[in-house]
1. How would you classify region 207-282 from its alpha-carbon gyration tensor, with a ≥ b ≥ c the square roots of the eigenvalues: rounded for a/c under 1.5, else prolate if a/b is greater than b/c, otherwise oblate?
2. Which three extents, in angstrom, do the Cα atoms of region 1-157 have along their principal axes, listed largest first?
3. Among 142-148, 177-183, how do they line up by average Cβ neighbours within 10 Å per residue, starting with the highest?
4. Does region 78-149 come out rounded, prolate or oblate by the C-alpha gyration tensor, with a ≥ b ≥ c the root eigenvalues, rounded set by a/c under 1.5 and, if not, prolate when a/b is larger than b/c and oblate if not?
5. Report the residues of region 131-154 in range of a label on D124: point 7 Å along Cα→C-beta, backbone N strictly under 15 Å from it.
6. Considering the chain as a Gaussian network with a 10 Å cut-off on Cα pairs, which listed residue, I13, I190, I217, attains the greatest mean-square fluctuation?
7. Express the carbon and sulfur contribution to the solvent-accessible surface of the chain as a percent, rounded to the nearest whole number, probe 1.4 angstrom.
8. Explain nothing, just the number: relative contact order of region 122-265, from Cα pairs under 8 Å at least 6 residues apart, as a whole percent.
Amino acid sequence: MPNLRLADLTAEIEANVRRALLEDIGSGDITAQLIPAERLAKATIITREGCVVAGTAWVDAVFRQLDPRVAVHWQVVDGDRAQPNQPLFHLEGPARALLSGERSALNFLQMLSGVATRARTLADLVEGTQVRLLDTRKTLPGLRLAQKYAVTCGGCYNHRIGLYDAFLIKENHIAACGGVAEAVHAAHRIAPGKPVEIEVESLEELHQALSAGADIIMLDELTLDEMKQAVGITAGKAKLEASGGVSETTLRAIAETGVDYISIGSMTKDVRAVDLSMRLSL
């Protein structure tokens, strides 16, 4: 499945930012009204810790929507590694707008940079292997596309976006359909051309999925030895994805079994925001 591209997210970014500003500013920033409307200011935003940057377009949209007179001067681009205390961008414009937009802008940047930083850490752990690390649908409600874009900034890859763009047939689906073969055949019939992935919990089910013509087979919590056997059995007839029991300590060993993909829900679910700071000067 292809990675999200920033060029495809213009409408999503604008909508994300509109909701964030409405949530934070509402009917108006009453504290900012303490400052004369004509007063201009400058600000520098730094990161207090090392990180991989993601979310610059969301920051741009915050200040564009608040006051187009605000100039944003970036020192980094999405995907760059930044060092502690490194300036990320500078702002110039009406002081009220700089202060009113600070929290929303930094919320987007620190959260998305947190996702990208986590993704980069994981990608580095499997460097030199052929595996691709995938995100999942375990994302913050309303910010899935933003988080999935940040994953790509950190060197990892997107799984399906939602329930509409690819099949992922799990244990309960299989039971309701009457078996592995029945579920795969039904998927091909319902939406020809859509990727069909099915979860298996044993090598016996793997054989069934291969016979049924699945495009991708998810190996759910198989042992490392079983994964190696699965790679040999599959022999390129389908793509293999490892899932479950994945951590920083097990990731490299799973990658070295020869599977094509490893999906990691914590990449977006357990994100820790990067520590950023804005310094204002008049």
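The values are calculated or read from the model by the stated rules, or taken from the named source; none is laboratory data. Quick caveat: nothing in here was measured; it's all calculated off a predicted structure. Cβ placement follows ideal geometry from the backbone for every residue including glycine, while neighbour counts extend to all protein chains displayed. Areas reflect the complete protein model, heavy atoms only, side chains present, ligands, DNA and RNA absent. Shrake-Rupley method; radii C 1.70, N 1.55, O 1.52, S 1.80 Å.
1. Note, shape of region 207-282 comes out prolate.
2. Here the spans come out as 58, 30, 22 Å, largest first.
3. On the way: 142-148: 20.4, 177-183: 16.7.
The packing order, highest mean first, is 142-148, 177-183.
4. Numbers: a/c = 3.94, a/b = 1.74, b/c = 2.26.
Here region 78-149 falls in the oblate category.
5. 154
6. With Cα springs under 10 Å in the chain, the top fluctuation among I13, I190, I217 is at I190.
7. Values: 6860 of 13530 Å².
Here carbon and sulfur together make up 51 percent of the probe-accessible area.
8. Working: 227 pairs, mean separation 38.9, N = 144.
Taking the mean separation of contacting Cα pairs over the length of region 122-265, I get 27 percent.
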